[in-house]
1. Name the single residue that is surrounded by the most Cβ atoms within 10 Å (Cβ to Cβ) among those in the range 304-340 being among the acidic types (D, E) and farther than 21 Å from K74 by Cβ.
2. How many residues, within the range 43-92, are in contact with a helix residue (DSSP H, G or I) (Cβ under 7 Å, 6 or more places away or on another chain) and part of a helix (DSSP H, G or I)?
3. Taking the stated definitions as given, is L301 within 17 Å of L66 (Cα to Cα) and either assigned by TED's automatic domain parsing to the domain that holds L54 or at pLDDT 90 or above (or both)?
4. Using the structure shown, decide if E215 is in the same structural domain as Y121 (by TED's automatic domain parsing), among the acidic types (D, E) and surrounded by fewer than 21 Cβ atoms within 10 Å (Cβ to Cβ).
5. Filter the range 341-360 for residues that are within 22 Å of F89 (Cβ to Cβ), hydrophobic (A, V, I, L, M, F, W, C) and surrounded by fewer than 20 Cβ atoms within 10 Å (Cβ to Cβ) and give the result.
6. Here are some residues: E96, E46, E19, E50. Which one is surrounded by 13 or more Cβ atoms within 10 Å (Cβ to Cβ), in contact with a Ser or Thr (Cβ under 8 Å, 6 or more places away or on another chain) and among the acidic types (D, E)?
7. When you scan the range 145-251 for helices (runs of 4 or more DSSP H) that lie fully inside it, which ones turn up with 3 or more residues that are within 23 Å of the chain's Cα centre (by Cα) and in contact (Cβ under 8 Å) with a residue 12 or more places away in the chain?
Amino acid sequence: MEPWSFTNRMTGELVRITEGGVAFLPKPLPLANFVLSPDVILALDEATTELGRLDGHGQNLPDPQLLIAPFLRKEAVLSSRIEGTQTTFSDLVLFEAAQFEKSERERDNREVSNYVAALQYALARCGDIPIGKRLLCEVHKKLLAGIDEENTHPGQFRKTQVYIGPHGLGIAEARYVPPPPYFLDEAFDALGQYIQKPDRLPLIVRLALVHYQFEAIHPFLDGNGRIGRLLITLMLCAEKRLAVPMLYLSAYFERRRQQYNDLMLNISKDGQWEPWILFFLRGIALQARDAVQRTKQLQELREQYRKKLTEARVTAAPLRLADELFRLPVMTYAIAENVLGFSWQSSRDTVLKLVEFGIIERYRDSGKQHLYLCADIIRIVDAVE
């Protein structure tokens, strides 16, 4: 890391490390004497309005738990892609159907599937314990379960120095060197206190600050970016600003990955908070609008399926299976058996009824496994924004 690139406006201090060179230790939040500029106030107003619309839309969904599943998976795919995984939305749902575990992307698929489980766990637990070290270590354990655990140490703060930069370069050439491990407990305790005891700033501005601070502290050996982005959704839901987790901000970050990283680094080096906060607020507004639009499309599709099946006077079983596709747009005879509680033959007949009505189609590479996909749902969730 280049000490000369840090100015007297940096948001922390440079500390010597035993590996040679320096690391960056961010100052605790809150910000001293921080005033919202007119540009930030305008962006804040738009983000607040769009987030409110998304929350209202989510609360009015007839079955929000059914329709949020695609959003959780979308966030998992894109948050993990920022870290270099190659898993697509289709890959993830195929993996979760337990059909293609032995593939060249098995580790990537497992990492992304773990993200879904980690976010669901975090949302369930945040009502019981405050957002801080204990909860985030538990979530980290879920995130990296079964992923090279000897080297990733799931659920534990790192005990060694790490650095961020191109593969193959040493610490001296690193883009960023986070605090040494002996500073982590103190730095993270301060962050937890800030999360639990809000200051005068609006919540979504504080989200931008907390996300930066978490990334700057970089407490884990692996998975910091994903936990930091998960924290955004977690805080919105914990603070009752979103009734259901439908905001997938990683889509915005992933499309602007270099800008995302550069803006946070510029905070550390030169105290440039405003460009980062504007970027963050614009992302919330954009993704909130997108989530409303996609949810409406999913609602309309669900109603189309229900109308098609009802007009054909089918039994309730195909309707139940069609709804299940919105949780996971993949169907097998085994999944149908589990959902319906029917015999294998009756479950198979119900699946084939959905094929007959054009709701699902046989996956071309499934061989003898009889795997079916709902291309309509995948198309809505996976469409480029």
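The values are calculated or read from the model by the stated rules, or taken from the named source; none is laboratory data. Note that this is a predicted model, so its numbers are computed, not measured. Virtual Cβ from ideal backbone geometry, glycine too; neighbours counted across all protein chains shown.
1. Filtering the range 304-340 for residues that are among the acidic types (D, E) and farther than 21 Å from K74 by Cβ, the one surrounded by the most Cβ atoms within 10 Å (Cβ to Cβ) comes out as E337.
2. Total satisfying the criteria: 31.
3. In short, yes.
4. no
5. The one that is within 22 Å of F89 (Cβ to Cβ), hydrophobic (A, V, I, L, M, F, W, C) and surrounded by fewer than 20 Cβ atoms within 10 Å (Cβ to Cβ): V355.
6. Matching residue, one of E96, E46, E19, E50: E96.
7. 184-196, 203-217, 224-238
Condition check ((1) assigned by TED's automatic domain parsing to the domain that holds M246; (2) in contact (Cβ under 8 Å) with a residue 60 or more places away in the chain; (3) among the charged types (D, E, K, R)) across all residues:
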position	(1), (2), (3)
M10	yes, yes, no
L14	yes, no, no
E19	yes, yes, yes
A23	yes, yes, no
L42	yes, no, no
D45	yes, no, yes
G52	yes, no, no
G56	yes, no, no
